[in-house]
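Asks: Just dropping this structure here.
The values are calculated or read from the model by the stated rules, or taken from the named source; none is laboratory data. Quantities reported herein were computed from a predicted structural model and do not represent experimental measurements. In this analysis, Cβ positions are derived from the backbone assuming ideal geometry, glycine residues included, and neighbour counts consider all displayed protein chains. Areas reflect the complete protein model, heavy atoms only, side chains present, ligands, DNA and RNA absent. Shrake-Rupley method; radii C 1.70, N 1.55, O 1.52, S 1.80 Å.
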Amino acid sequence: MAPGEKIKAKIKKNLPVTGPQAPTVRELMRWYCLNTNTHGCRRIVVSRGRLRRLLWILFTLTAVALIFWQCALLVLSFYTVSVSIKVHFQKLDFPAVTICNINPYKYSAVRPLLADLEQETWQTLKTLYGVSEIGSRTRREAEPPSSAWEDAQPQFLKLIPLLVFREGETGKATDFRTGRKRKVSGTIIHKAAADMVQESKEVVGFQLCSNDTSKCAVYTFSSGVNAIQEWYKLHYMNIMAQVPLEKKINMSYSAKELLVTCFFDGVSCDARNFTLFHHPMYGNCYTFNSKENEVVLSTSMGGSEYGLQVILYINEEEYNPFLVSSSGAKVIVHRQDEYPFIEDVGTEIETAMATSIGMHLTESFKLSQPYSQCTEDGSDVPVQNIYDTVYSLQICLHSCFQNKMVENCGCAQYSQPLPPGASYCNYQQHPNWMYCYYELHQAFVQERLGCQAVCREACSFKEWTLTTSLAQWPSVVSEKWLLRVLTWDQGQQIKQLNKTDLAKLLIFYKDLNQRSIMESPANSVEVLLSNFGGQLGLWLSCSVVCVIEIFEVFFIDSLSIVARRQWQRAKKWWAQRQAPPCPEVPAGPRGRDNPALDLDDDPPTFTSALRLPQALEAQVPGTPPPRYNTLRLERAFSTQLADTQVPAEP
């Protein structure tokens, strides 16, 4: 064999054969793992240690399995041409329905307590407007009080004097009680729009002062009706605040008096299905489906036939003429564990009318902090809940005002529940509580008390959207027989019914579709990982396996190399310190000094190795001459074999 051929064979034997020219499948896979962009495969080959290599095998196989699974789902979803529709019908829980008569107490029962106040009110109306109980309603100028009026010594007008402010008179007003003009000092607060006050030639109001009478405020109204009602209401609350609760319940309407007929979901019901709820300003109210005995009624279908139908007896003759100016009832729809704010969001029901209220339920769920400032149960709101119900924004605002009232005025306002250890305001214990109440209420409306800042909305709540429609009831043709039958059903409890004393109420679900509004975070952990993966894959062609590889290389391997090199330096330093010094050896030419071997880092292939230049001053080894004594075959064989004989040359 020629010398060149031997060199080629030796290089071919020692150099690795890569790529498709690899002689075995194992070498081919090794070459692929070392050169592919699939990081997991490369780490399987180059990892040191069986444990690390096994972990990389598990990571890579898991990633491959997930890829096949997700791709299979995508393909199946792509080729599945179908539409999935889920229709779900269920029974909706019927809400609690609270019904109150607009007139809180029967006038015949409460009139003895209000006799003096009523007398002064009629006298005031007669003095200013010429109005008496049975007299004319013609308005006239204020006239001097009569002798009977002077002998009566009115106490309510003395406590809160009614004043008339005429146009052009600044700082002066006419006193209702004396009919004389007096100077008025203090802040004037108009309880009407500014344009209405300017157009009116005269306004009516009253003056309230603090305990030491150093601070006063005058509250004016553009209409005498509003002024008289507000003045009467202040005295009415003062009187009723001193009446025991049991007596007030007896003076109000009973369930049998208020409810004439009742139907729910096509089944008859009566007063036993209603729960008493006493409201300070509306008297006895009655709640249907109040979760009594832990039972909540539900309706199976929508429509007026499957809701609540009641006929109410209003009894207009028992109305207080000064406290309320309209007749009818109020109704509110709410949750079973929610306080019915009938005075804030109640819906009025007219007499001689059939009021139909269609409901649509909306349930809202909000995310708490850090997404919003809502509260789950109000435990993190620094306001004491004076209502024995679940938290709501209205409860927080009313509780905050009532607590401020007790803190600043020393007593509680009559229309709201009592805080622990407090009592309602009255003249005997708190003579000038009304000035404090009005000042505090003015600050509350102007958001200077801080209640609107600390009170937060509840994170979850139910809201019923109401659609109200009216129809005349009973009709002219059915009025005669219907009223007679209803009167007969009531027996001797009431006299002959009049249609102006009755009101019909229908409350029902328009449909059983419940709308739910749920907030969800726009940036979740899954979305964040997907965004990171998209950016890394788009710009760096990275994956989860690549991230693990980076962690392994830059943290585990790098720290291992640094620690190993430091250990080797320490060992070398220690060995040099312990060993005796030795003479230095002169430097000589080494293999790396050969310019012919100055190659790149990539290993040569078989073809490129053949093209390598020979080293300078290098002798090509030749074939040594054979030992001729070994060619002497006669020592091993006696005769020459026939097939080994060399033919003679011609």
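Asks: Going by the structure shown, is residue 333 open to solvent by less than 40 Å² (accessible area, probe 1.4 Å) and either in a helix (DSSP H, G or I) or under 26 Å from residue 496 (Cα atoms) (or both)?
Replies: It is false that residue 333 is open to solvent by less than 40 Å² (accessible area, probe 1.4 Å) and either in a helix (DSSP H, G or I) or under 26 Å from residue 496 (Cα atoms) (or both).
Asks: Can you tell me which of 194, 241, 271 is hydrophobic (A, V, I, L, M, F, W, C) and modelled with pLDDT under 80? Walk me through it before giving the result.
Replies: On the way: 241 fails: modelled with pLDDT under 80; 271 fails: modelled with pLDDT under 80.
The unique qualifying residue is 194.
Asks: Filtering the range 97-134 down to residues that are open to solvent by less than 50 Å² (accessible area, probe 1.4 Å), part of a helix (DSSP H, G or I) and in contact with a Gly (Cβ under 9 Å, 6 or more places away or on another chain), which residue is nearest to residue 326 (Cα to Cα)?
Replies: The selected residue is 125.
Asks: Right, something else. For the condition touching a residue at least 24 places away in the same chain (Cβ under 8 Å), polar (S, T, N, Q), farther than 19 Å from residue 459 by Cα and part of a loop (DSSP other than H, G, I, E, B), what is the one hit in 415, 372, 368?
Replies: The match here is 415.
Asks: May I ask you to list the residues in the range 311-351 that are touching a helix residue (DSSP H, G or I) at 6+ places or on another chain (Cβ under 7 Å), aliphatic (A, V, I, L, M) and over 25 Å from residue 295 (Cα atoms)?
Replies: Residues satisfying the conditions are 314, 323.
Asks: Residue under question is residue 379, and the condition is that it be open to solvent by less than 40 Å² (accessible area, probe 1.4 Å) and of a type in the set (S, T, N, Q); does it hold?
Replies: no
Asks: Among the residues in the range 466-479, are any in contact with an Asp or Glu (Cβ under 6 Å, 6 or more places away or on another chain) and not aliphatic (A, V, I, L, M)? Steps first, answer last, please.
Replies: In the first step, residues of the range 466-479 are kept if they are in contact with an Asp or Glu (Cβ under 6 Å, 6 or more places away or on another chain); the result is none.
No; the residues of the range 466-479 include none that is in contact with an Asp or Glu (Cβ under 6 Å, 6 or more places away or on another chain) and not aliphatic (A, V, I, L, M).
Asks: What pairs come up if the first residue lies in the range 225-246 and is within 19 Å of residue 436 (Cα to Cα), the second is open to solvent by 10 Å² or more (accessible area, probe 1.4 Å) and among the small types (Gly, Ala, Ser), and their beta carbons are under 8 Å apart, counting only those six or more places apart or on different chains?
Replies: Listed pairs, sorted by first residue: 237/415.
Asks: Also, quick follow-up: Go through (1) open to solvent by 70 Å² or more (accessible area, probe 1.4 Å); (2) under 33 Å from the mean Cα position of the chain (by Cα) for residue 461 and report which single condition fails.
Replies: (1) is the only condition that residue 461 fails.
Asks: Any idea which of (1) buried (at least 16 other Cβ atoms within 10 Å of the Cβ); (2) out of contact with any helix residue (DSSP H, G or I) (no Cβ under 7 Å at 6 or more places or on another chain); (3) not in a strand (DSSP E or B) is the one residue 293 doesn't satisfy?
Replies: Here residue 293 meets the rest and fails (1).
Asks: For the structure I just gave you, tell me whether residue 348 is closer than 25 Å to residue 398 by Cβ, modelled with pLDDT of 90 or more and either aromatic (Phe, Trp, Tyr) or surrounded by fewer than 19 Cβ atoms within 10 Å (Cβ to Cβ) (or both).
Replies: yes
Asks: Shifting gears a bit: Go through (1) open to solvent by 70 Å² or more (accessible area, probe 1.4 Å); (2) in a helix (DSSP H, G or I); (3) over 22 Å from residue 309 (Cβ atoms); (4) of a type outside the set (A, V, I, L, M) and name the single condition residue 435 misses.
Replies: (1)
Asks: Quick one: how many residues across the range 220-238 are of a type in the set (S, T, N, Q) and open to solvent by less than 10 Å² (accessible area, probe 1.4 Å)?
Replies: The qualifying residues number 2.
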